[in-house]
1. Restricting the calculation to Cα positions, tell me the Rg (one decimal) and the Dmax (whole number) of segment A:13-69 in Å.
2. Please identify which residues in segment A:202-220 have an amide N closer than 13 Å to a label point set 7 Å out from the Cα of A:Glu139, following the Cα→Cβ vector.
3. How high is the relative contact order of chain B, given as a whole-number percent (alpha carbon pairs under 8 Å, six or more residues apart)?
4. Quote the FRET efficiency, to the nearest 0.05, computed for A:Tyr55 versus A:Asp146 with a Förster distance R0 of 35 Å and r equal to the Cβ-Cβ distance.
5. In terms of Cα to Cα distance under 15 Å, which aspartates and glutamates are near enough to A:Lys62, apart from those fewer than 8 places away along the same chain?
6. Between A:Glu175 and A:Glu76, with labels modelled 7 Å along Cα→Cβ, what's the label distance in nm to one decimal, could you check?
7. Would you kindly compute the Cα radius of gyration of segment A:81-217 and its largest Cα-Cα separation (Dmax), both in Å?
8. Going by alpha carbons, how many degrees (0 to 90, nearest 10) lie between the helix axis of A:124-144 and the longest principal axis of chain A?
2 protein chains.
Amino acid sequence: MTSEAPTRAYRRLSVEERRTQLLDAALSLFAHRAPEEVSLDDVAEAAGVSRPLVYRYFPGGKQQLYEAALRSAAEELQQCFAEPQQGPLTRRLGRALDRYLAFVGRHDAGFSALLQGGSVVETSRTSAIVDGVRRAAAEHILSHLDAEQPGPRLRMTVRMWITTVEAASLIWLDEDKQPPADELRDWLVEQFVACLVAAAGRDAQTAAVVRAALALESAEGPVGALARRVLPVVGDAGHLL
Amino acid sequence: MTSEAPTRAYRRLSVEERRTQLLDAALSLFAHRAPEEVSLDDVAEAAGVSRPLVYRYFPGGKQQLYEAALRSAAEELQQCFAEPQQGPLTRRLGRALDRYLAFVGRHDAGFSALLQGGSVVETSRTSAIVDGVRRAAAEHILSHLDAEQPGPRLRMTVRMWITTVEAASLIWLDEDKQPPADELRDWLVEQFVACLVAAAGRDAQTAAVVRAALALESAEGPVGALARRVLPVVGDAGHLL
């Protein structure tokens, strides 16, 4: 029973705790609104503190808060990519995508505003943070593909697919998170398989990666299902062989 | 023989001619430099006129010039997409890509700066211009695919591929236009085929589009070559069927 109500409880936090609290407040505001629609007053109100206190911790104001929030979100997102290197690749990719799409769903409006660009808080620093996440995603995938020293074709294929995932996420948010996340995940996994297989036709390293990856898949898995659904569609195209 | 040398020739242009001249000067500067690296003085110098004259035509200064130049470039780019609706689809797509990549090559630094974002001249208006080009590209492709009332899956596949093309263009510029444009074109066409075929597995409309498109292709064309190169790679994966 605390009989002495902490009317100005925020004085009791340490500098680090206060900073974290302000950042959390900023992050949840920036997650669901475009940066233009978040003011320092909103952050102060959400954290239950005064505007001058926010400035004391973030003298650069909204821009500094936005960048700090973005860095924090970028770290959280990168953790989505971690996945043990075992089992079929499509299973690993699917699990990482599940976490990624959950992240996107939790940061909807902020994610859209960030990737659509044209925002007042966008700078070369914010672009660098976003690019860092893309690079990390590509490195994760290449390490799962077990490609030592990936060549330009394989890198390009992986980078292109990451772009596809981003664009698909934006459309998904734009269309009120339809189709359901698990359908979108399956679709993205299938597109990855298709892009990789097509690229394998022109690149020996990608071909080796595809062969090794297919050997890990099972008939019940996504690649087997994809093959069985696609074969009847292309089956009439014998004139091409 | 003009014995009276036009020392201040620019006074002789009509308002419309002068506007076009300034815009051309701005466009060629914005094509090869980031917007940050182009000043109004540069535009005045390139057009051989005074800075106040530039302001008389573009009172909004650099921002207005940039947007006008971007609109002009967007119109030029949209003309790249026009292509007669006959012959194999991969041939049509390849020709449009040739024109698109030539455009990208002619506007290298400006194209990168625009699509990478974070630029001082980026606004909701510039984003809207870029989105308009993307939408036009998607409509062109869908009309070539002969899909009346394209459903969400088919639309998504086409939009995703357009994103892939943009991202590939940026990487291509970043890597000093390597691989050569015709290799990149072939690769993008193959990726389109692969993405469409994979999407056909889950969508009846896309499957119908793919069947119709494959019937137009020949064994000597890109789809035949792709199929013959890919089959040996996936040939060992009989366990998936």
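Just so you know, all these numbers are worked out from the coordinates, no wet-lab data involved. Quick caveat: nothing in here was measured; it's all calculated off a predicted structure. Neighbour counts run over all protein chains shown; Cβ positions are idealised from the backbone, glycine included.
1. Over segment A:13-69's Cα set, Rg and Dmax evaluate to 9.9, 30 Å.
2. It comes to no residues whatsoever.
3. In percent, rounded to a whole number, it is 19.
4. Calculated transfer efficiency: 0.10.
5. A:Asp24, A:Glu36, A:Glu37, A:Asp41, A:Asp42, A:Glu45, A:Glu122
6. Taking the two extended label points, one gets 2.6 nm.
7. For segment A:81-217, the Cα radius of gyration and maximum Cα-Cα distance read 15.5, 49 Å.
8. 40 degrees
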